[in-house]
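Step one of this worksheet: look at the structure below.
The values are calculated or read from the model by the stated rules, or taken from the named source; none is laboratory data. Keep in mind that what you see is a predicted model, and the values were worked out from it rather than measured. Because the Cβ atoms are built from the backbone with ideal geometry, glycine has one as well, and the counts that use them run over all protein chains shown. Just the protein is used for accessible areas: all its heavy atoms, side chains included, with ligands, DNA and RNA removed. Shrake-Rupley method; radii C 1.70, N 1.55, O 1.52, S 1.80 Å.
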Amino acid sequence: MIQEVYTLTIRELKKWLSRRGTFVVSLITPLFWLGLFGKSLNFAQMFAPTNIPPQYSSLISKYVDQQLLNLFGTTSYFTYLASGMLVVFGFFQSVFGGTNLVFEKRLGYLNRLLMTPTPRSGIFLSKVFGTLIRILFYETVLILIAWGLGIKFKPGLTVVNILLAGIAIIFVAIGFVSIFAAIAFNVDNVEIMFAIVNLINLPLMFASSALFPLKQMPSWLQEVAKFNPITYAADIVRYNLVGTPISNYLLSWIILIVISITLFVIGMLVSINAMEKA
Amino acid sequence: MKQMETAIEVKDLTKKYGNFVAVDHINFTINKGEIFSLLGPNGAGKTTTIGMLSTIKRPTEGDAYILGYSIVKQKYYVRKIIGVSPQDLTADDELSGYENVLIMAKLFGYKGKEAEDRSEWALKFMDLWDSAFRRVREYSGGMRRRLEIAMSIVHNPSVIFLDEPTVGLDVQSRRHIWELVRELKKNGTTVLLTTHYMEEAEALSDRVAIIDHGKIIAIGTPDELKAKIKGDRIYILVKENDQLNEIINKINDIIPNSAIKIDNQILVKTESSSELLPQLIKILSGYDVVELKVVKPNLEEVFLELTGRELREEEGGFDRFKYMRVTRGARR
């Protein structure tokens, strides 16, 4: 079992490394988010006092900063967005990690695997591990880029903080790669698969605290966001990297892990079932 | 004579998709060390049969035993002793041929040096060692097919399934694969091959089962099957299609019920073409004949005799010339 999972995970990674193009392209989207959206939505700049007597100007600046701090927990929206994007990017990559199974099915590779004695769970797990390793690599690059673009880490940031943030992202990824692998095992048509991906992707991203704080949302959306693991992961990442206060740190972890493990178990059972039935 | 041992025993194997019966209660037995072909047109149920025998499709009814292991109840054991080369090209084209084969070796439980040795053996066996470390993307069609087989034999399976192993290949590559399949047989491997090329079935097989619409309609050695048609076949292609019936009537006046129309050609069945030909030429002298062809019995004709249809009609209709263009276009 271990040898099979290891072999297939290495295969995933080899394929990934040999496609240098995809590697760069995958980084372009988050870069755009960070560079264009994050940098141009500079609220402090938008409300910066101009043509106002200096005695009021500093007061207004102070007021705007105070408001931003209330809202985002930091005076820099870029910092808020960048920390949320780390989670969103992990989420997107996990979705595509699961989705590319549809192609392996179409190419007949999955059938070839199924004709070998490889345990069915091993086929599923290698997909999960391959995706997680890719995500860890991308996240490292992304955090360096965010740092270069001026994310304001909390004072006294430690390696433990970074690791905890990484683990939170991994949990989100485990949940979603499992679910999307399960969907991919049951869908033969590439177009239908991508329709499903689009249907789920964007709403999940927006119905979370990744891009905007929950308290800014209409109440119904807040309710939806409370079931979204991305919300909890984003809060945990922000707490660790930026120092944004969090209402209940431990509870956030518990909810995140429970949702994630549930999705993983469901995903694995559905996937194995799909492989066995045919 | 040595007692034949059974490698594969298929019993009432059936696969239904809703109301559509893809494979309909087929029965056959394959002896150890035999090359056995399932010959039939596309859509006859060959790939579905292979899918069931290789444990990835669950039979609706019936069962099959591979070296005694049930494909329904003992899937895991079956998977260990079979090698399957599917119709699809499944190798990763971003990886090298060697990497592809090595992955399969490891999935079959070989470790470290042993896995490497097995992979080297499989690639050498399939004449691919010279290009083993090139990316599969750079392989020709024939090399890719051979790589698929290399991936399937790396664990030295007792039984190997080859699903259309030469589809779309040129004559030379096809011959090469045939030779290698014969080598496999020499090693004692039992080969189950599916094909819709009658030349392939005839050249390779010890025995052939002709399959159509999910049913096996004939089974035997190529010679036994060819003995089912007596005499020769004459095909006549004329320029004006509306003259076909007129010609058919004239031929049937000489030998009753010998000529029929198939698509745009006339087919004449005769015990002896040498006796009939002079008379035919007399009849045809008044018409613009494009082609007159005498065909000795072959599996293609057996299929036609049994089903009333051409083996290859899915690919190019009855138009043999179009068929040749199609295959030539695929040779690259």
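Out of segment B:54-74, which residues are within 11 Å of another protein chain (Cβ to nearest Cβ) and surrounded by fewer than 17 Cβ atoms within 10 Å (Cβ to Cβ)?
B:ARG58 - this is the single residue of segment B:54-74 that is within 11 Å of another protein chain (Cβ to nearest Cβ) and surrounded by fewer than 17 Cβ atoms within 10 Å (Cβ to Cβ).
Which of the residues that make up segment B:205-227 are at positive phi and open to solvent by 50 Å² or more (accessible area, probe 1.4 Å)?
First, the residues of segment B:205-227 that are at positive phi: B:213-214, B:220.
Across segment B:205-227, the qualifying residue is only B:HIS213.
Which of the numbered conditions does A:MET217 fail, given that it passes all the others? Conditions: (1) open to solvent by less than 50 Å² (accessible area, probe 1.4 Å); (2) farther than 27 Å from A:GLN3 by Cβ; (3) among the aliphatic types (A, V, I, L, M); (4) touching a Gly at 6+ places or on another chain (Cβ under 9 Å).
(4)
Any residue in segment B:137-158 that's more than 12 Å from chain A (Cβ to nearest Cβ) and at negative phi: show its pairings with residues that are open to solvent by 10 Å² or more (accessible area, probe 1.4 Å) and part of a helix (DSSP H, G or I) at Cβ separation under 6 Å, as long as the two are six or more apart or on different chains.
Taking only residues 6 or more apart or on different chains, the pairs are B:GLY142/B:SER173; B:SER158/B:ILE81.
Among the residues of segment B:244-298 satisfying the criterion of being polar (S, T, N, Q) and farther than 30 Å from B:ALA201 by Cβ, which is least open to solvent (accessible area, probe 1.4 Å)? Step through it out loud before you land on a result.
So in segment B:244-298, the residues polar (S, T, N, Q) come out as B:245, B:249, B:252, B:257-258, B:264-265, B:270, B:272-274, B:279, B:285, B:298.
Next cut, farther than 30 Å from B:ALA201 by Cβ only: B:245, B:249, B:252, B:279, B:285.
Numbers: B:ASN245: 91, B:ASN249: 94, B:ASN252: 37, B:GLN279: 77, B:SER285: 92 Å².
The qualifying residue least open to solvent (accessible area, probe 1.4 Å) is B:ASN252.
Is there any pair linking a residue in segment A:91-117 that is within 11 Å of another protein chain (Cβ to nearest Cβ) and open to solvent by 40 Å² or more (accessible area, probe 1.4 Å) to one that is at pLDDT below 90 and assigned to a helix (DSSP H, G or I), with Cβ under 6 Å and at least six apart or on different chains, and which?
Listed by first residue and then by second, the contacts come to nothing, as the list is empty.
Can you tell me which of (1) without any contact (Cβ under 8 Å) to a residue 12 or more places away in the chain; (2) within 14 Å of another protein chain (Cβ to nearest Cβ); (3) of a type outside the set (Gly, Ala, Ser) is the one A:VAL25 doesn't meet?
Single failed check for A:VAL25: (2).
Restricting to helices (runs of 4 or more DSSP H) lying wholly in segment A:156-263: which have 1 or more residues that are in contact (Cβ under 8 Å) with a residue 40 or more places away in the chain? Talk me through it step by step, then tell me what you get.
Values: elements: A:159-186, A:190-206, A:219-225, A:229-241.
Because the criterion is at least 1 residues that are in contact (Cβ under 8 Å) with a residue 40 or more places away in the chain, the helices (runs of 4 or more DSSP H) in segment A:156-263 that meet it are A:159-186, A:190-206, A:229-241.
Can you pull out every residue in segment B:116-144 that is open to solvent by 20 Å² or more (accessible area, probe 1.4 Å), in contact with a Phe, Trp or Tyr (Cβ under 8 Å, 6 or more places away or on another chain) and part of a loop (DSSP other than H, G, I, E, B)?
The answer is B:PHE133, and nothing else.
Output yes when any residue across segment A:10-19 is closer than 27 Å to A:SER76 by Cα, surrounded by 14 or more Cβ atoms within 10 Å (Cβ to Cβ), modelled with pLDDT of 75 or more and not small (Gly, Ala, Ser), and no when none is. Give the derivation first.
The initial filter retains those residues of segment A:10-19 that are closer than 27 Å to A:SER76 by Cα, namely none.
No, that holds for no residue.
I'd like the full set of residues that are aliphatic (A, V, I, L, M) and more than 10 Å from chain B (Cβ to nearest Cβ), limited to segment A:13-22. Working first, answer last.
Filtering segment A:13-22 for residues aliphatic (A, V, I, L, M) gives A:13, A:17.
Once the filter is applied, which keeps residues that are aliphatic (A, V, I, L, M) and more than 10 Å from chain B (Cβ to nearest Cβ), segment A:13-22 yields only A:LEU13.
Might you check whether a residue that is open to solvent by less than 20 Å² (accessible area, probe 1.4 Å), within 14 Å of chain A (Cβ to nearest Cβ) and over 16 Å from the mean Cα position of the chain (by Cα) occurs anywhere in segment B:25-40?
Within segment B:25-40, not a single residue is open to solvent by less than 20 Å² (accessible area, probe 1.4 Å), within 14 Å of chain A (Cβ to nearest Cβ) and over 16 Å from the mean Cα position of the chain (by Cα).
I need a count of the residues in segment A:124-153 that are within 14 Å of chain B (Cβ to nearest Cβ) and open to solvent by less than 10 Å² (accessible area, probe 1.4 Å). Don't jump to the end; show me each part of the working.
If we filter segment A:124-153 for residues that are within 14 Å of chain B (Cβ to nearest Cβ), which is where we start, we get A:125-126, A:130.
With open to solvent by less than 10 Å² (accessible area, probe 1.4 Å) added as a condition, the list becomes A:126, A:130.
Looking only at that region, the number is 2.
Identify all residues within segment A:172-229 that are out of contact with any helix residue (DSSP H, G or I) (no Cβ under 9 Å at 6 or more places or on another chain) and among the small types (Gly, Ala, Ser); write none if there are none.
A:ALA195, A:SER219
Can you tell me which residue in segment B:75-90 is farthest from the other protein chains (Cβ to nearest Cβ), limited to those that are open to solvent by 60 Å² or more (accessible area, probe 1.4 Å) and among the hydroxyl-bearing types (Ser, Thr, Tyr)?
To start, the set of residues in segment B:75-90 that are open to solvent by 60 Å² or more (accessible area, probe 1.4 Å) comprises B:76-77, B:80, B:87-89.
Next, only the ones that are among the hydroxyl-bearing types (Ser, Thr, Tyr) stay: B:76-77.
Working: B:TYR76: 6, B:TYR77: 9 Å.
The residue in question is B:TYR77.
In segment A:86-138, what residues are modelled with pLDDT of 90 or more and outside any helix (DSSP H, G or I)?
A:MET115, A:THR116, A:PRO117, A:THR118, A:PRO119
Filter segment A:230-251 down to residues that are of a type in the set (Gly, Ala, Ser) and out of contact with any Pro (no Cβ under 9 Å at 6 or more places or on another chain) and give me whichever is farthest from the other protein chains (Cβ to nearest Cβ). Please lay out each step first, then the result.
So the first thing to find is which residues in segment A:230-251 are of a type in the set (Gly, Ala, Ser), and the list is A:233-234, A:243, A:247.
Checking the rest, the ones that are also out of contact with any Pro (no Cβ under 9 Å at 6 or more places or on another chain) come to A:233-234, A:247.
Values: A:ALA233: 32, A:ALA234: 34, A:SER247: 47 Å.
Among them, the one singled out is A:SER247.
Which condition breaks for B:LEU107 when tested against (1) of a type in the set (A, V, I, L, M, F, W, C); (2) in contact (Cβ under 8 Å) with a residue 12 or more places away in the chain; (3) in contact with a Pro (Cβ under 9 Å, 6 or more places away or on another chain)?
(2)
Can you tell me which of (1) more than 22 Å from the chain's Cα centre (by Cα); (2) within 13 Å of another protein chain (Cβ to nearest Cβ) is the one B:GLU120 doesn't meet?
Only one criterion is unmet by B:GLU120, namely (2).
How about segment A:252-278: which of its residues are within 14 Å of another protein chain (Cβ to nearest Cβ) and not charged (D, E, K, R)? Before the answer, list the steps.
Filtering segment A:252-278 for residues within 14 Å of another protein chain (Cβ to nearest Cβ) gives A:272-278.
Correct list: A:ILE272, A:ASN273, A:ALA274, A:MET275, A:ALA278.
Would a scan of segment B:97-115 turn up a residue that is surrounded by fewer than 19 Cβ atoms within 10 Å (Cβ to Cβ) and more than 13 Å from chain A (Cβ to nearest Cβ)? Show your work before the answer.
So in segment B:97-115, the residues surrounded by fewer than 19 Cβ atoms within 10 Å (Cβ to Cβ) come out as B:109, B:111-114.
Of the ones still in play, those that are also more than 13 Å from chain A (Cβ to nearest Cβ) are B:113.
Scanning segment B:97-115, I find at least one residue that is surrounded by fewer than 19 Cβ atoms within 10 Å (Cβ to Cβ) and more than 13 Å from chain A (Cβ to nearest Cβ), so the answer is yes.
Checking the condition assigned to a loop (DSSP other than H, G, I, E, B) and either in contact with a His (Cβ under 7 Å, 6 or more places away or on another chain) or modelled with pLDDT of 95 or more (or both), which residue from B:PRO59, B:PRO41 passes? Quick ask: steps written out before the conclusion?
Numbers: B:PRO59 fails: either in contact with a His (Cβ under 7 Å, 6 or more places away or on another chain) or modelled with pLDDT of 95 or more (or both).
From the options B:PRO59, B:PRO41, the qualifying one is B:PRO41.
Exactly one of (1) farther than 21 Å from B:THR190 by Cβ; (2) aliphatic (A, V, I, L, M); (3) free of Cβ contacts under 8 Å to residues at least 40 places away in the same chain is unmet by B:ALA22. Its number?
Failing condition for B:ALA22: (3).
Would it be correct to say that B:LYS230 is surrounded by 15 or more Cβ atoms within 10 Å (Cβ to Cβ) and basic (Lys, Arg)?
On the way: surrounded by 15 or more Cβ atoms within 10 Å (Cβ to Cβ): no; basic (Lys, Arg): yes.
No; evaluated as a whole, the condition is false for this residue.
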